[in-house]
Structures are given as C-alpha cells and as structure tokens.
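**Student:** Let me begin by handing over the structure; questions about it come next.
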Amino acid sequence: MTTALKRLLLMSVSSGIIFNYMGIFINLFIWEKGNQIFDVAWFNLIMFLVWGAAFMFGANLLSKLTIGSVMRVAAIGAGVTFILLSWVHFEPKMLYITLIAIPVGITNGLYGSAQNMGISLFGKGKEFSAFFSAISVIGQLISFINPLLFAVIIKWMGFTASFFIMFIFIGLMIVTSYFVPLISLKEANEPVFRKFRLGQVFSTPQLKWMIPSLVAGGFFIQFQGIFSLIFTFSVTQDKLNIALLQIMYTSFTIGCVFVYRRFSRTRQISDNKWLTFGMGAAAAGFLLALFPTPLILILSNILTTIGLFFFATIWSSRQFMMTYQLEPIHQTRVMVWRELILVISRMFLLALILGIQDFNGFVFKAVMIFSFSSVLLIPYFSKKSDETVEKTVRKAVES
C-alpha cells in the first residue's frame, strides 16, 4: 500500500469515530423522540438528499482546493451538527429532524468526495483490496469501542455530554486533514461536469455494468443500514445493551475478516464466491426479518452484517479497480456518478420505508422482498462485468 493510502487510513480513524457516532447515536436520539420508523427514515432521506448535493459540490471544490481542505470543511459541518443537537430544540418535530439532517448530509457528502478522490488517484490494482480490507478492520475496531464508550457516557451523563466530547474528535479530524496527500484537480483542463452525461462517463461495457450493480447495492446498503439499527432499538431501549449488540455484530465481522484473509491468501476461494456467499447470508437475514421476534431480529442482523462485510470489501474494491487506469478527471466523474446513483437508490428505498408502521405490515414485507431480490442480483452483475473484461482481452489477443 502506498504512503498516500496509508495517510488516508490515518484520516479514516479520526473521521470514523465521528461517523460511527452519527450512524448510531443520532439515529437513536431521533428514535427516542417517538419510537417511530418514519422519523428515522425521514432523517436519513433528508440526509442523503443533502449528501448527494454536497458530494457534487465537493467534487467541484476539488478543482480549486486539496482533499485536505474539503475534509476540513466537512469537519466544520460536523461541528455545526453537534452545536444544533446541543442547543437547538423546537417543534414541529419533522422540521427539527430536517434541520439536524442537513449538516450531517453536508459532512458525509464533502468527506466522501474528498476520500473517494484520494483513493481512486492513489490506489493501484490489488492495493484497493488491501485498502478496503484495512478500512474494514479499522471500522470494526471503532465499531467495537465507540458504541460502548459513548453508551456509558450517554447513560451516565446524557446525550449533551457526548455531543461536547465529539468536538474533541472534530478537532482531531481537522489536525489529521493536514497530513493527507495534497491531491486536487487543479491540473485538469476541463470542469468536472462538462462531459457528464451517463453514457459519456460510463463509456466502456465494464463501466456500464456498474450502473445496475450500484442501484442494487444502494438498496441493500440502505435496507441493512437502517433496519440493523431499528431492529436493535426494537429489541432493547437500554443504551448499554444497544452498544453490546453492536459489539456482537462487530465481532462477527472481525471473524469474517480473518476467515477471508486466510482463504483469499491461498486463493482457495475466489472473490466471486465470497461475494455470492456474502449476498446469500444477507438474503437469508432479510428473509428471517419476516418473523420479527427479538432473537430472530438479532440473528437477521448478524447475517446481514456478514453480507455487508463481503459486499464492502470485494464489491467496493472492484469498482475502484475499474477506474484506476482512467484519467483523473474521468475518475472523478465516475466517482460522482457512483455516489449519485447510490444516493438516489438509497433515497428511493427510504421513501418506501416512510410508509412502514410496523414489522408485520404488508409494506415492510414488500420492501424486504424487494431488497432481498436486489441482493441476489449483485453477484450476477459482478459476474457480467468480469465477463466483459475477459471478452475484451480475448479480442485483443485474437487481433
């Protein structure tokens, strides 16, 4: 792994603590306002709407600023989030949730654009797998410690104390941003959004197969992301127990890391088979959610968490590998479209989730089956993408 990627990993530690907190405890904070699925879905829907816009704005900023500068702006967005959570409280509830979601979306969108640009420009081939595997390990370590630490703080001192503590990590994120590579698109001779039509950006057969894969991936990520939390919140209201459940899910992911590394090192099992296994585990988890008892919901979360690990490690690294030989400006366009497609598909699923009242209703079952079907398509799209590469190589050899 290059020094540049190692520095991006360092940045991932400080930022990962903030994003892990946002992912669990801001959603819990909103859930406790009324224990309604609608509230959490609305928060995430507004967040992703702003996330997509902020990602595009961040990509445009990279033509003038370095990724470190954009990451610092993202850190300021995180600071605004915790200021609002600490001191601003008003009715109506939907307007308040919307206000909180806006800076969270700005933070995620700006940081995502800067990080993705850094990874795509400095990664080379197999380094992507190493990077995403390392990202996964760091993420799991944070997921192990962070929920327990902040659950104890919130249980003993309240949410406000935890919001203040997050300012320490925001400061650390700002300091760390000065050590990331000085990457920008200042040398590019044309704006990011000039040749930005979908067909112009996804111009090869392999890149074209990314589009349906991203749509299906967005459905999976969003269903797993929101319901892993809601299932956990439904099982217990105790913050310490919520943290312990999150740690248990993390333990299964860490186990997957060791198993994957053990067998992938010897190539006994191909990445295609690992991806199929992961998506199969996620699909089984979705099906179990049709029987929403506490133990079944926990088992469902375990299976979808295992699926998410293989999805994030293999699927993400493959998509970055498709772009690393492109020109930097073309890479940026692919990354922006990649994020937009993911965000739009996630928002579509969240719009469906707004209509869910409980786990026994028709709407929940319909959304679950829809997500289940999407998961099963991901290995197929991945396989078709690989086949286009093989055909291209075969034609080149024959000619």
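**Student:** If packing is taken as the average count of other Cβ atoms within 10 Å, what order do 40-48, 170-178 fall into, highest mean first? Walk me through the intermediate numbers first.
**Tutor:** Working: 40-48: 24.1, 170-178: 17.9.
Taking the mean over residues of other Cβ atoms within 10 Å, the ranking is 40-48, 170-178.
**Student:** Could I ask something else about it? How big is the Rg/Rh ratio for the range 177-230, C-alpha atoms only, Rh by Kirkwood, two decimals? Before the final figure, lay out each step's value.
**Tutor:** On the way: Rg = 17.0 Å, Rh = 14.7 Å.
In the range 177-230, Rg relative to Rh is 1.16.
**Student:** Once you place label points 7 Å from the Cα toward the Cβ at residue 388 and residue 244, how far apart are they in nm?
**Tutor:** Each label point is offset 7 Å from its Cα along the Cβ direction, giving 4.9 nm.
**Student:** Describe numerically, in nm with one decimal, the distance between label points set 7 Å from Cα along Cα→Cβ at residue 156 and at residue 198.
**Tutor:** 5.3
**Student:** If packing is taken as the average number of other Cβ atoms within 10 Å across a peptide's residues, how do 32-38, 85-91, 344-350 rank, most packed first?
**Tutor:** On the way: 32-38: 14.3, 85-91: 11.3, 344-350: 20.6.
Result, highest mean Cβ count within 10 Å first: 344-350, 32-38, 85-91.
**Student:** When the Kirkwood radius is taken over all Cα pairs of the range 136-195, what Stokes-Einstein diffusion coefficient follows at 4 °C and 1.567 mPa s, in µm²/s? Mind showing how you got there, number by number?
**Tutor:** Numbers: Rh = 15.0 Å.
Approximately 86 µm²/s, per Stokes-Einstein.
**Student:** Using 0.36 nm times the number of residues separating residue 380 and residue 167, minus their current alpha carbon distance, what extension gain do you get?
**Tutor:** Net length gain for the segment: 72.3 nm.
**Student:** Moving on to the next point. Rounded to the nearest 0.05, what FRET efficiency is calculated for residue 95 and residue 53 with R0 set to 22 Å and r the Cβ-Cβ distance?
**Tutor:** Numbers: r = 19 Å, r/R0 = 0.87.
E(calc), rounded to 0.05, equals 0.70.
**Student:** Moving to a separate point now. Would you be so kind as to identify which of 8, 220, 294 lies farthest towards the positive end of the dipole of the chain, taking Lys and Arg as +1 and Asp and Glu as -1 on Cβ and the Cα centre as origin?
**Tutor:** 8
**Student:** Here's a follow-up. Using the Kirkwood radius built from alpha carbon pairs, what does the Stokes-Einstein equation give as D for the chain at 37 °C and 0.692 mPa s, in µm² per second? Kindly include the intermediate steps, with their values, before the conclusion.
**Tutor:** Values: Rh = 21.6 Å.
The estimated diffusion coefficient comes to 152 µm²/s.
**Student:** Dividing the alpha-carbon Rg of the range 240-327 by 2.2 N^0.38 Å yields what? Provide the component values of the computation, followed by the final result.
**Tutor:** On the way: Rg = 15.1 Å, N = 88, 2.2 N^0.38 = 12.1 Å.
My calculation over the Cα atoms of the range 240-327 gives 1.25.
**Student:** Under the rule of -39500 (n - 2.57) per DSSP H run of 4 or more residues, summed and divided by the residues of the chain, what mean residue ellipticity at 222 nm is obtained, to the nearest 500 deg cm²/dmol? Please report the intermediate quantities before stating the final value.
**Tutor:** On the way: 16 runs with 317 residues, N = 399.
Calculated from helices alone, the mean residue ellipticity at 222 nm is -27500 deg cm²/dmol.
**Student:** Over the chain, what relative contact order in percent results from Cα pairs under 8 Å that are six or more residues apart?
**Tutor:** Working: 544 pairs, mean separation 106.3, N = 399.
Normalised by residue count, the contact order of the chain is 27 percent.
**Student:** Treating each Cα of the range 1-96 as an identical point scatterer and ignoring solvent, apply the Debye formula and state log10 I(q)/I(0) at q = 0.13, 0.21, 0.24 Å⁻¹.
**Tutor:** The Cα Debye sum returns log10 ratios of -0.58, -1.23, -1.41.
**Student:** Just want the answer: with Cβ charges of +1 for Lys and Arg and -1 for Asp and Glu, which residue in 137, 74, 171 is farthest toward the dipole's positive end in the chain?
**Tutor:** Sorting the options by dipole projection puts first 137.
**Student:** If the chain between residue 272 and residue 64 were fully stretched, how many nm would it gain, using 0.36 nm times the residue separation less the Cα-Cα distance? It would help to have the intermediate numbers written out before the result.
**Tutor:** Details: separation 208, 0.36 × 208 = 74.88 nm, distance 3.93 nm.
Full extension of this stretch gives 70.9 nm more.
**Student:** Rounded to the nearest angstrom and ordered from largest down, what semi-axes does the equivalent ellipsoid of the range 195-297 get from its C-alpha gyration tensor (root of 5λ)?
**Tutor:** On the way: eigenvalues 199, 89, 33 Å².
Semi-axis lengths for the range 195-297 are 32, 21, 13 Å.
**Student:** Sticking with this one: Enter the per residue convex hull volume of the range 296-354, computed from alpha-carbon coordinates, in Å³ rounded to the nearest integer. Before the final figure, lay out the partial values.
**Tutor:** Values: hull volume 4.4 nm³, N = 59.
In the range 296-354, the Cα hull volume divided by residue count equals 74 Å³.
**Student:** Could you list, bin by bin from short to long, the percent of Cα-Cα pairs of the range 332-389 in 5 Å steps?
**Tutor:** Final binned percentages: 4, 16, 15, 20, 19, 12, 8, 5, 2, 0.
Readers should treat all values here as calculations from the given coordinates under stated rules, not as data from a laboratory. Everything numeric here is computed off the predicted structure, so don't read it as measured data. Here Cβ is always computed from backbone atoms with ideal geometry, including for glycine, and neighbour counts include all displayed protein chains.
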